[in-house]
Amino acid sequence: MMNSEERLPFMRFRGIAGIISALLVIASIVSLSVNKLNFGLDFTGGTLLEVGFQEPADLNRVRSSLESEGFGDAVVQNYGTQEDILIRLEPRTDVKAEELGSNILETLRAEFDKTVEMRRIEFVGPNVGDEFIEQGGLAMLTALICILLYIAMRFEWRLAVGAVAALAHDVTLTLGLFSFLQLEFDLTVLAALLAVIGYSINDTVVVCDRIRETFRKYAKLTPLQTVNRALTDTLSRTLVTSITTILVLLTLFFLGGPLIHGFATALLFGVVIGTYSSIYIASTVALAFGVSREDLMPPEVEKEGADQDPLQ
Amino acid sequence: MLNKYPLWKNLLVTFVVLVAALYALPNIYGEDPAVQISADRNATIDASTMDRVRNALDSVDIEPKSVSLENEQLLVRLNSDNEQLKARETILDSLGDNYIVALNLAPATPEWLKSLGAQPMKLGLDLRGGVHFLMEIDMGEAMSKIIDGMKDTVRAELREERIRYSAVRVDGTAVEIELRNDEAFQEAAQYLDNRYQGYVLAENEETRTLRLEMTEQKIAETRDYAVDQNITIMRNRVNELGVAEPVIQRQGSNRIVVELPGVQDTARAKEILGATATLEFRMVDSENDVRDAMNGRVPFGSELLPMRDGPQQLLKEDVILTGDHIVNAGVGYDEYNRPQVNITLDGVGGNKMSLATKDNVGKPMATVFIEYEATDERDEEGNLQFTKSAEVINVATIQSRLGSNFRITGVGAQEAQNLALLLRAGALIAPIQIVEERTVGPSLGQQNIDSGTQAIFWGFVLVLAFMVVYYKKFGLVANAALATNLILIIGVMSMIPGATLTLPGMAGIVLTVGMAVDANVLIFERIREEIKAKRSPQQAIHHGYDSALSTIADANVTTLIAALILFAIGNGPIKGFAITLAIGIITSMFTAIVGTRAIVNSVWGGKRLSKLSI
C-alpha cells in the first residue's frame, strides 16, 4: 500500500541525471581551464569609459581619433544604444593610469564636439583586481563551509554533503556558462553567483527538510521511495517559487539596463540549474552516501535534571 | 478556538508595518536641488550670512524655496535644477573665500517626518552620480618618515646630554647609534634604556653599537596612525573641494575610500586629493663649497638638491620643520606684487622654527618642495613604489628670529594658490596613489534608477498576477504580504544609517520579491496537502502554518548566512547587494509567517468553513 504513496518515480532517472550533470560539470571545468573567464575591468584592472553622443556614434572615427592620440589598443564598441559607446583600455604603465579616463574624454570632445557626454569612467589598478578575485573566491568558499556546517548540524552530514554538492554543481555550471559564452564576468556577476548560492541552498534545504520528515513519518518506505515521495510532495512548491523568481529575473533582464545584464543572466541560469539540482543532485548524493531512516530520527534529548524531583 | 490571533499579536503586526511605512514615506517626497554653505575656519554662519545670501540671490532674480540654518550650515533649497549652478556662483561671489559652497540634493521630507528622524534611503554613487576613489598609502614611506624623525630626536638628545657618538643612522625599523668610546657607550645605554615607548634597546658592546628597534606593536600603531592621519587630511581636502555628504573611510590596512557624490570635475578632485606635496625647511650648508659637492664630494650630513630656476643648492640633511606643523596658509602679495605664501605654524612648529632660527640669523634657509609620484610599480611585497622629487623653491636669509608666522616667496601665482591650498589642507604623512576610480555621470545615475524601478515594478506585477491565478484568495493574502514586504525593506533601508541603495541593491530587492513568496508557497502547499488529506479547513490552516515553520526557518537561515558572509567579506556592489538581500530575507520571513497569519486569521479564523479558496 505504501508503494502507491511513492508517487512520481524521480529517482528512477537519477542515473541519467547523474551522467548529464557529470558531463556538464566536466564540460564547465574544461571550458574554464581552456577558455578561462572573460574577467571584466573589476578583476583585470584597466580603464573603461562609457560616453554618450547626441547622434549614433561613428565607431571608426572614434577609433581613429583615439589612435592618433596613442590609444591604439582601445576596444571601442556600442553599449546599450547606438548613441552610447564603451571604450576599454588595458592597464598601462607609460601614462599615469588614473588620468587616462579624463585624457580620452578630452580627446573625444576635441574631435567631435563638446556635447560628448561622460556617462561613466572606471579605472581599476591591476593589484586591486587581483584582490577582488581573492576576496570573491574567499567569500564563496567561506559561505559554502558555513552552510555545510549549519546543515550538518541541523540535519545530518549526508544531507549536508548532498546540499553542498548541489551548490558546487550550480556554481560550477554557472561559471562554465560564462566561460563558454565568454560573457563578461564582473563584480555584479560575482554577486549574482553568491545569490545563486543563496537560492540554491534555499531550494535544497526545503527538499532535505522534507526528506527528513518523510523518513520519520513513513517507517516502511525504502530510502529511495522516501526520497521520491519527498520530491513529489515538494514539487509544486519548487516549481512555483522558481517560476516567480524567474518572472522577476526576466523583467530584470529586459528592463534592468545593460549594467545589470550580466547579473540577470547569471541568476536566470543559476535559478534554473538550482531548481534542477535541488531535485536531483542533493538527494542523489545523499542516497549514494547511504542516508537512512536511522540517521534522521530525532536524537533522544535527555533533559537536564529530568530524573530529579522538581524543586518545591 | 483555532486560528485566532490574540489582540497583542495583531497589534504588533500593525505597529511594525505602520512604523516601517512611516520611515519608508520620505522616499516618495523626492529631493530639492540645493546649495549648501558651510564656513571655513575664519568665518561664521549666522543670521547676517543668511541675509547676504538672500540679497545675493535676489539680485539675480532667484527665488529660493527656503533658506535654513542647520547644524551650522546654511541650506538654500531651490525650485529647479537649472538655478542651482547660477545660485552657487552668485553666493560664492558674494560671500568670498571663507565659505565652502557646495551643490547638494536635499531631501524634501516634510518637517513632521524629519522630527521623527525619518529620512529617505541613501543612494549609492551608481544611482546619483559622483566619483569613488580608492587610495593606497605608501606605508614604506610612512614608516621611514617616522623612523627618520626618531633618528633626529635621538641625535638631538644625545647632543643635549653631551654623549659622544660617531654615527646615528636608520636601519630598517631601527635606529642604530655608534658610540665613540666605552664610557659613552655605557652612558648612552643607560640613558636610552626604557626611554622611548615602543622601542626596545639592544646593546652590542664589541662594536659599541646600540640599536633602538621598533616593537611589533609600535609598528602596527604607526601604520594605523599613518592611515588615520591621511584620513583626517583627506577630510580637510574634501572640505576644500566643497562637496556635500562625502564619504571618507578606511578600507583594509592601507587604503582609504573617498566618495564624492555629485562631483563631475574629477580632474580637479584628483589633483587636490591625490597631491602629496609638502614643504620642508632646511638650513643651507654654507660652510662647504657647492662646487666641490657638484663634483661629487658631497660632505657628510649634507645633500645636493636642484633649485627651481637656479643653480643647485647644498643643504643640511637635518630638517628644521616639515609641512605637518602648518596650520594655515594663504596667498598674499609682497610690495613688488609678487605672489607669496603666508604660513602659520602650530605651537610646536613655532617653537622649533624659533629655536632653529635663533642662532642662525644672517644665514640662508631653504624651502624645499617635495612631491611624491606613484610609479605604478610594486616591490615583491606588493607595496607601491613612489619616486620622491625634492626641489628648492626659495632660499632666503634669515633676517630675524622667526616665529609662528612667516612667508615664503619665489613661487608663481597659480602655484602659490595650489601650494596654499595643499598646505592648508595638510601634508600627507605618506604619499598616496589612486588605485581605483569610478565616476558615474548624473544622467546614467538617473537612468539606473529608472530602469531599476521599472524592473521592480513589472517584476512585482507579474508575481502578483501569478499568485492570484495560482492560489486565488490566498494568493491575495500573499500579495498583501509581498507589498508589505516591499514597504518593510524600504523602511528598514531608510532607517539603517549605513545602508545605501545601489544598483545591485535594487537587483537584490527584485530578487527578494521573487523569493519572498517562497515562504508563503511553502505554507500554502502544506495547507493544500492537509486539505487533500481530508482535514477540515481550520485544521488545514493550523497545521499548514505549523509544519512549514521549521522548513522556512532552515531555508532562510542558510540564505541569511550567505548574505552575512557576503556583507562581511565583500565590498562595493557586493555589500550593497548583501544588505538588501539580508534585510529582504528577514522582512519576508516576518510578513510571510506572522503577517499573512494575521490576515488569514482575521478573514478565515474562528469560523465554520466548508472549503478554502486556495
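The values are calculated or read from the model by the stated rules, or taken from the named source; none is laboratory data. Computed from a predicted structure; not experimentally measured. Ideal geometry is used to build each Cβ from the backbone, glycine not excepted, and the neighbour counts take in all protein chains shown. Just so you know, the surface numbers come from the protein's heavy atoms only, side chains and all, with ligands and any DNA or RNA stripped out. Shrake-Rupley method; radii C 1.70, N 1.55, O 1.52, S 1.80 Å.
Within region A:28-46, the set of residues being among the small types (Gly, Ala, Ser) and buried (at least 19 other Cβ atoms within 10 Å of the Cβ) comprises A:Ser28, A:Ser31, A:Gly40, A:Gly45, A:Gly46.
Can you confirm whether A:Leu105 is of a type in the set (A, V, I, L, M, F, W, C) and within 21 Å of A:Glu184 (Cβ to Cβ)? Here the answer is no, as A:Leu105 does not meet what is asked. The residues in region B:355-365 that are open to solvent by less than 50 Å² (accessible area, probe 1.4 Å) and either in contact with a Lys or Arg (Cβ under 6 Å, 6 or more places away or on another chain) or modelled with pLDDT under 85 (or both) can be counted, and the count is 2. Is there a residue being under 28 Å from the mean Cα position of the chain (by Cα) and either open to solvent by 40 Å² or more (accessible area, probe 1.4 Å) or within 9 Å of chain B (Cβ to nearest Cβ) (or both) anywhere in region A:82-90? Yes, the conditions are met somewhere in region A:82-90. Exactly one residue out of B:Ala275, B:Ala202, B:Ala267 is in contact with a strand residue (DSSP E or B) (Cβ under 7 Å, 6 or more places away or on another chain) and farther than 30 Å from B:Gly362 by Cα: that is B:Ala202.
Counting just the residues of region A:107-125 that are charged (D, E, K, R) and facing another protein chain (nearest Cβ under 9 Å), which one comes out farthest from A:Val62 (Cα to Cα)? Per the stated criteria, the residue is A:Glu122.
Considering only residues in region A:109-127 that are among the basic types (Lys, Arg) and open to solvent by 40 Å² or more (accessible area, probe 1.4 Å), the one that is farthest from the chain's Cα centre (by Cα) turns out to be A:Lys114.
Each residue in region B:175-205 was checked for being within 38 Å of the chain's Cα centre (by Cα), surrounded by fewer than 18 Cβ atoms within 10 Å (Cβ to Cβ) and assigned to a strand (DSSP E or B), and 1 pass. Between B:Glu415, B:Glu380, the distinction of being within 14 Å of another protein chain (Cβ to nearest Cβ), open to solvent by 50 Å² or more (accessible area, probe 1.4 Å) and modelled with pLDDT under 85 belongs to B:Glu380 only. Condition check: more than 32 Å from the chain's Cα centre (by Cα) and surrounded by fewer than 24 Cβ atoms within 10 Å (Cβ to Cβ). Does B:Asn520 satisfy that? No. For region A:240-249, the tally of residues that are open to solvent by 20 Å² or more (accessible area, probe 1.4 Å) and either more than 8 Å from chain B (Cβ to nearest Cβ) or closer than 19 Å to A:Asp170 by Cα (or both) stands at 2. Scanning region B:562-597 for residues that are open to solvent by 30 Å² or more (accessible area, probe 1.4 Å), modelled with pLDDT of 85 or more and within 11 Å of chain A (Cβ to nearest Cβ) yields a total of 1. Of all residues in region B:232-242, those satisfying the criterion of being open to solvent by less than 20 Å² (accessible area, probe 1.4 Å) and within 19 Å of B:Gly130 (Cβ to Cβ) are B:Met234, B:Arg237, B:Val238, B:Gly242.
Counting just the residues of region B:291-343 that are hydroxyl-bearing (Ser, Thr, Tyr) and open to solvent by less than 60 Å² (accessible area, probe 1.4 Å), which one comes out nearest to B:Lys145 (Cα to Cα)? Only one residue tops the list, namely B:Thr322.
Of all the listed residues (A:Leu287, A:Leu235, A:Leu231), the sole one being touching a residue at least 60 places away in the same chain (Cβ under 8 Å), more than 7 Å from chain B (Cβ to nearest Cβ) and touching a Pro at 6+ places or on another chain (Cβ under 9 Å) is A:Leu287. One residue is enough: does region A:210-221 have a residue meeting the conditions closer than 29 Å to B:Ser547 by Cβ, within 8 Å of chain B (Cβ to nearest Cβ) and open to solvent by less than 30 Å² (accessible area, probe 1.4 Å)? There is at least one residue in region A:210-221 that is closer than 29 Å to B:Ser547 by Cβ, within 8 Å of chain B (Cβ to nearest Cβ) and open to solvent by less than 30 Å² (accessible area, probe 1.4 Å). Determine, yes or no, whether A:Asp170 is open to solvent by less than 10 Å² (accessible area, probe 1.4 Å) and of a type in the set (Asp, Glu). Against the criterion (open to solvent by less than 10 Å² (accessible area, probe 1.4 Å) and of a type in the set (Asp, Glu)), A:Asp170 qualifies. Scan region A:178-196 residue by residue and report those that are polar (S, T, N, Q) and either open to solvent by 10 Å² or more (accessible area, probe 1.4 Å) or facing chain B (nearest Cβ under 10 Å) (or both). Across region A:178-196, the qualifying residues are A:Gln182, A:Thr188. Within region B:461-483, at least one residue is under 39 Å from the mean Cα position of the chain (by Cα), aliphatic (A, V, I, L, M) and either at pLDDT below 90 or open to solvent by less than 20 Å² (accessible area, probe 1.4 Å) (or both). In region B:528-543, the condition of being open to solvent by less than 10 Å² (accessible area, probe 1.4 Å), more than 19 Å from A:Gly198 (Cα to Cα), part of a helix (DSSP H, G or I) and of a type outside the set (Asp, Glu) is met by at least one residue. Only one of these conditions is not met by B:Thr500: (1) buried (at least 23 other Cβ atoms within 10 Å of the Cβ); (2) under 30 Å from B:Pro261 (Cα atoms); (3) of a type in the set (S, T, N, Q). Which number is it? Result: B:Thr500 fails condition (1) only.
Is there a residue being modelled with pLDDT under 90 and at the interface with another protein chain (Cβ under 8 Å from one of its Cβ atoms) anywhere in region B:485-503? The answer is yes; a qualifying residue exists. Could you list, in sequence order, the residues of region A:57-80 that are in contact (Cβ under 8 Å) with a residue 12 or more places away in the chain, open to solvent by 70 Å² or more (accessible area, probe 1.4 Å) and over 27 Å from A:Leu181 (Cβ atoms)? The answer is A:Arg61, A:Glu69. On the stretch given as region B:598-614, residues that are over 52 Å from the mean Cα position of the chain (by Cα) and open to solvent by 60 Å² or more (accessible area, probe 1.4 Å) total 4.
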